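The values are calculated or read from the model by the stated rules, or taken from the named source; none is laboratory data. Note that the structure is predicted; figures quoted are calculated from it, not measured. Cβ coordinates were reconstructed from backbone atoms using ideal geometry, including for glycine residues, and neighbour counts include every protein chain displayed.
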Amino acid sequence: MRTIIVAFVGVLALSSCTSAVKENQLPTDSTTVHLRPRFHFTPQKFWTNDPNGLLYHQGEFHLFFQHNPYDKVWGHMHWGHAISNDLLHWQELPIAIAEDSAMIFSGSAVVDQKNTAGFGENAFVAFYTAHRILDPAHPDHYRQTQCLAYSTDKGRTWTKYDKNPILDLGKKDFRDPKVFWHEESQKWIMVVNLPTERKTQFYGSNNLKNWHLLSEFGPEGNTAIPWECPDLFSLPVENQPGKQKWVLLISAEGPYPGFQGMQYFVGDFDGVRFKNDNPPDKPLYVDYGRDYFAAVTFNHTPNNRRVLLGWLSNWAYANQVPTHPWRNGMALPRMLYLQKEPEGYRLLQQPIPTVDFLARSAIKHVNIDLHRIGELEITTPNRENDFYDAEGTFEFADDAVFGFKIFKSDTEETVIRYNAARKKLYLDRSRSGNTTFSPKFTTLDSVDIDTNGEPLALRVIFDRSTVEVFAQKGRYVMSNVVFPSVKSRGVSVFAEKGKGRVRLVNASFRDLMAENNR
Ligand code: FRU
């Protein structure tokens, strides 16, 4: 895995001098300016939800995003646009695709290298769902169709195709097309959902304009909530050289009943049909935090590496989160891997390796009997830094309780806690700061982790109002937003006294140097 990461970083490094990111000045008099993440994307102003049209081309990563350019609540959906050369610093560009008589819902984009559509060599071609309200008095009377737009200037300006829609089933709910090039069958594939039916459809095309139905998948897995934002891609299996499997991602209900999240299926795709390896009633979840949704992967990444980007929020309270002048943002991009385990193939996720380029200085500790000390303060509340990359490897007794505390002050803390007796990792934001803006926000999330006698390895990356926990080298991930007050900047590593022995084998707290994205 290390060589893969190094290769990818190499490509990124080569491209990193092509466009310098300018800091975008906005008034800093807002009370929530301290919550603006530094190396996670947030729109300059107003609302965002899903990432759309993710692709890499000639040194630029493109992020289009569901955007309301008029308000801090969902509505008037357009595709906003931002570019980056390291996936951490983003430069926001003008609106890419604007609402017309229909809203522009989620979708994807490809670079048409061979000009299969006739819009020009290397034209960007975007696929989105047009959401048309049929009766303004009843916003719930709508129809969704798949449409196309193209750009011949690397995504800066877009033209909607004059023969839209390209797919219309006469259905109310039919959305979120993901298009990619399928090398084996030499054709374009579109993966798109019938949300209320809990089905994914697969279409094929030679020219990106005419599509024919290949097959359907579902309902399988978790079917409690409508299915949205599918993605399909192949991954090499890390511990089975030469082996490839296909992964189907679906945004639906996550691991917490009633809350949206993401599930994945692992199986095979032969250019026509996807077959799930797992029993249909056994869902697998991508993330065990509360705030990871609508994640899809970039098309055309260097060396075909899989980079996943998700929306870091939850529909349960996304319209209320207490930030200004923006609302919601994206998670840290992640590299994806597959691993064969006794129960089947499982996804591994690791933070995008360009994070390493931000590391400025590290505080390190080795070989500490943590249960004797209780709590080891890493940085004091009055220090500036509220964005860190913290790693720790812990050896522990069967009844130990330990972990990290971040965004800490006398009255606030966000706690990442492992309870060895319960074999569970918790992400506790009950005292994380402003939790009162929605009754659904205060949560104690958890994931079962049995280390089978091995140490627990935690990596926690936090960025002012984001917390992303990668345990056991990315086998378990938890992503949440939190809204601490400006004074809550302490960080510690702890073991509960009176519980079992915990040895901190090693820990490093890397101070990250990132220009504010705004
Ligand atoms: C998922 C979603 C998509 C839809 C978009 C609308 O968060 O509901 O299914 O295309 O958001 O903004």
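For residue 348, state whether it is among the hydrophobic types (A, V, I, L, M, F, W, C) and touching a Leu at 6+ places or on another chain (Cβ under 6 Å).
Taking the combined requirement at face value, the residue does not satisfy it.
Restricting to the stretch 230-249, name every residue that is assigned to a strand (DSSP E or B) and in contact with a Lys or Arg (Cβ under 8 Å, 6 or more places away or on another chain).
230, 231, 232, 233, 234, 235, 236, 237
Would you say residue 254 is among the small types (Gly, Ala, Ser), in contact with a Ser or Thr (Cβ under 9 Å, 6 or more places away or on another chain) and either closer than 21 Å to residue 442 by Cβ or touching a residue at least 60 places away in the same chain (Cβ under 8 Å) (or both)?
No.
Which of (1) within 28 Å of residue 123 (Cβ to Cβ); (2) surrounded by fewer than 22 Cβ atoms within 10 Å (Cβ to Cβ) does residue 243 not meet, given it meets every other one?
(1)
Which residues, counting only those in the stretch 301-320, are surrounded by fewer than 24 Cβ atoms within 10 Å (Cβ to Cβ), closer than 18 Å to residue 66 by Cα and touching a Lys or Arg at 6+ places or on another chain (Cβ under 9 Å)?
Across the stretch 301-320, the qualifying residues are 316, 317, 318, 319, 320.
Yes or no: residue 191 in a strand (DSSP E or B) and assigned by TED's automatic domain parsing to the domain that holds residue 315?
Judged against the criteria, residue 191 is a match.
Just one of the numbered conditions (1) more than 16 Å from the ligand (Cβ to nearest atom); (2) assigned to a loop (DSSP other than H, G, I, E, B); (3) closer than 18 Å to residue 130 by Cβ is not true of residue 203; which one?
Going through the list (1) more than 16 Å from the ligand (Cβ to nearest atom); (2) assigned to a loop (DSSP other than H, G, I, E, B); (3) closer than 18 Å to residue 130 by Cβ, residue 203 breaks only (2).
Scan the stretch 262-296 for residues that are crowded, with 24+ Cβ neighbours inside 10 Å, part of a strand (DSSP E or B), within 16 Å of the ligand (Cβ to nearest atom) and on the phi < 0 side of the Ramachandran plot and jot them down.
262, 293, 295, 296
Could you give every pair whose Cβ atoms fall below 6 Å, whose first residue belongs to the stretch 445-456 and is farther than 19 Å from residue 287 by Cβ, and whose second residue is polar (S, T, N, Q), counting only separations of at least 6 or pairs across chains?
As it stands, the answer is 455/393, since those pairs meet every condition given.
Looking at residue 296, is it assigned by TED's automatic domain parsing to the domain that holds residue 223, among the hydrophobic types (A, V, I, L, M, F, W, C), more than 20 Å from residue 226 (Cα to Cα) and at pLDDT 95 or above?
Considered against the rule, which asks whether it is assigned by TED's automatic domain parsing to the domain that holds residue 223, among the hydrophobic types (A, V, I, L, M, F, W, C), more than 20 Å from residue 226 (Cα to Cα) and at pLDDT 95 or above, residue 296 comes out as no.
Output the number of residues of the stretch 165-180 satisfying the condition of being in a loop (DSSP other than H, G, I, E, B), away from the ligand (no atom under 14 Å from the Cβ) and surrounded by 17 or more Cβ atoms within 10 Å (Cβ to Cβ).
Looking only at that region, the number is 2.
Could you list, ordered by first residue, the pairs with Cβ atoms under 6 Å in which the first is in the stretch 176-190 and at negative phi and the second is among the polar types (S, T, N, Q) and part of a loop (DSSP other than H, G, I, E, B), at least 6 apart or interchain?
Matching pairs, first to second residue: 187/206.
Filter the stretch 404-451 down to residues that are under 22 Å from residue 34 (Cα atoms) and charged (D, E, K, R) and give me whichever is farthest from the chain's Cα centre (by Cα).
410
Yes or no: residue 441 of a type in the set (Phe, Trp, Tyr) and surrounded by fewer than 20 Cβ atoms within 10 Å (Cβ to Cβ)?
No; evaluated as a whole, the condition is false for this residue.
Taking the criterion of being within 16 Å of the ligand (Cβ to nearest atom), in contact (Cβ under 8 Å) with a residue 60 or more places away in the chain, of a type outside the set (Lys, Arg) and within 27 Å of residue 443 (Cβ to Cβ), would at least one residue in the stretch 208-225 satisfy it?
Within the stretch 208-225 (the criterion being within 16 Å of the ligand (Cβ to nearest atom), in contact (Cβ under 8 Å) with a residue 60 or more places away in the chain, of a type outside the set (Lys, Arg) and within 27 Å of residue 443 (Cβ to Cβ)), the answer is yes, since at least one residue qualifies.
If residue 433 satisfies all but one of (1) on the phi < 0 side of the Ramachandran plot; (2) without any contact (Cβ under 8 Å) to a residue 60 or more places away in the chain, what's the number of the condition it fails?
It fails just one condition, (1).
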